[in-house]
1. For Lys26, which lysines qualify as cross-link partners when the Cα separation must be under 29 Å and same-chain residues fewer than eight apart are set aside?
2. Roughly how many debye, to the nearest 20, is the charge dipole of segment 213-315 about its Cα centre, given +1 on each Lys and Arg Cβ, -1 on each Asp and Glu Cβ, and no other charges?
3. Quick check: convex hull over the Cα atoms of segment 1-107, volume per residue in Å³, rounded to an integer?
4. Per DSSP H run of at least 4 residues, take -39500 (n - 2.57); add these up for the chain, divide by its residues and hand me the 222 nm value, nearest 500 deg cm²/dmol.
5. Could you check the simple spin-label distance between Asp45 and Gln272, using points 7 Å along Cα→Cβ, in nm with one decimal?
6. Give the Rg/Rh ratio for segment 155-245, taking Rg as the radius of gyration of the Cα atoms and Rh as the Kirkwood radius, to two decimals.
7. Calculate how many DSSP beta bridges within segment 117-233 are antiparallel, expressed in % of all such bridges and rounded to the nearest 5.
8. Treating only the Cβ of Lys, Arg, Asp and Glu as charged (+1, +1, -1, -1), what charge dipole size does segment 340-411 show about its Cα centre? Round to the nearest 20 debye.
Amino acid sequence: MSQQSATRQELPALEATLSDQLTAFKKSTLKLDLTRGKPGAAQLDLSNALDGLLGGDYHAGAVDLRNYGGLDGITEAKALFAPLLGVSPEEILIGGNASLTLMYQSVLSALHFGVQGAGSAWRDECTVKFLCPAPGYDRHFTICQQLGIEMINVPFTADGPDMDRIEELVASDASIKGIWCVPRFSNPTGHVYSDATVQRFARLAPKAGPNFRIFWDNAYAVHALTDDAPKLLPILDACREQGTEDSVLIFGSTSKITFASAGLGYMGASQQNLKHFKAALAASTIGPDKINQQRHVLFLRDQATIEQHMHQHAEILAPKFRLVLEQLDKDLGDDGYGSWSRPQGGYFVSFDTLPGLATQVVAMADDAGVKLTAAGATFPYGKDPADSNIRLAPSYPTMDELQQAMQVFTTCVKLATVRQRLAAKELVSSELI
Ligand SMILES: Cc1ncc(COP(=O)(O)O)c(C=O)c1O
């Protein structure tokens with residue numbers, strides 16, 4: 001029965017049917033998890049050849065990989081990963097196993113030591129604020145929260161974050177020192193920033209001031225699900241054309257190319273920005289794990305090999321995304337239960353319930369054995385003003401598990417929606433009395 005066309009008299013029966021379905025799920029004691037965007041085991045297997053690749057040779061040219069040194073990574077890794085960020089090998093630093101660490105360290109170092117060295121520390125200037133396109137990546141928001149940076153929500157348009165709003169905000173408030181961006185296959189919405197949006201970001205610095213930085217987290221740079229997925233304009237080139245190359249810090253990693261916990265994080269930036277970042281970094285490390293860098297160089301080899309490897313990831317991931325979308329279309333269709341993204345890459349499907357229902361849907365699903373990302377997690381401070389966004393992460397479960405989890409999810413969405421309508425009807429009737 002369609003919920004939209006259900007009459008007031010029919011709604012209780014619909015509610016009862018959905019309640020029974022949910023009770024049946026509860027009885028089957030499911031234990032399913034759609035919370036985090038982790039690669040599945042079959043995806044991790046694609047990189048098993050990393051083991052043993054060195055064959056006892058611990059040298060890259062004249063560099064002894066076993067020893068200290070090489071703060072910004074080995075030359076061969078810089079050459080391999082620079083094209084992924086759209087920068088030159090002189091404009092990249094290869095770090096440890098996570099880009100998140102580099103993002104955290106960059107924000108911390110800008111706050112305490114400044115993006116342009118002595119005298120430019122954000123904390124000496126003002127209470128620092130960041131713009132946060134939302135829904136977004138929860139761990140970006142955690143960095144801000146932990147470091148005492150105030151966050152301001154920015155909504156999305158079809159082209160990426162609302163640039164009119166961003167330009168207006170940075171021009172009117174000098175304490176806004178940064179913005180988080182996931183420009184290709186945004187977590188969780190799947191947006192790919194349009195060329196016009198990238199160009200507007202490149203022109204932002206004069207409006208925002210000299211110590212403002214765009215944190216361009218290109219985590220899903222090569223993570224397309226389809227061959228015709230939209231491309232992203234390289235931002236450092238766009239900035240160079242405007243003379244604003246110091247305004248952006250670019251991040252990426254192989255967490256979702258090779259191993260999520262034993263990959264490589266990297267950071268692209270102007271040589272000026274890298275110089276200041278390295279000065280701060282040098283106090284906390286003598287250098288990264290160069291042995292893992294060399295293993296990655298030998299395994300991923302060149303751009304064609306990376307492309308081929310990512311095709312293999314897509315072959316595993318695409319059916320999972322298809323399943324999620326087919327289930328949403330079949331169960332919820334266009335019956336007013338909410339809306340959802342149709343990503344062409346990345347790791348997430350973003351679902352919006354009707355306003356006020358996300359918390360309830362997540363709790364109901366949890367009760368039935370399906371863990372979903374906490375409602376609100378995709379917004380700064382964990383507060384979704386509309387209580388409607390839910391991030392679905394299809395990569396980790398098997399196809400069978402995913403199918404079951406999605407059946408539970410759509411049942412919860414339907415039940416919460418019907419109950420909301422019933423509650424609204426009761427309110428109206430009681431007000432009439
Ligand atoms: C947008 C985004 N950035 C960064 C990360 C984490 O990257 P890393 O493993 O390199 O720290 C994730 C992981 O989900 C992500 O979605």
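What follows draws every value from the coordinates through simple rules; no lab data is involved. This is a predicted model, so every value here is computed, not measured. All Cβ positions, glycine included, derive from the backbone under ideal geometry; neighbour counts span all protein chains shown.
1. Here the lysines satisfying the reach criterion relative to Lys26 are Lys38, Lys320, Lys330, Lys371, Lys383, Lys414, Lys425.
2. Details: 9 positive and 11 negative charges, 101 e Å.
That gives a dipole near 480 debye.
3. So the per-residue Cα hull volume is 253 Å³.
4. Result for the chain, helices only: -13500 deg cm²/dmol.
5. 5.0 nm
6. 0.97
7. Antiparallel: roughly 15 percent of the beta bridges in segment 117-233.
8. 200 debye
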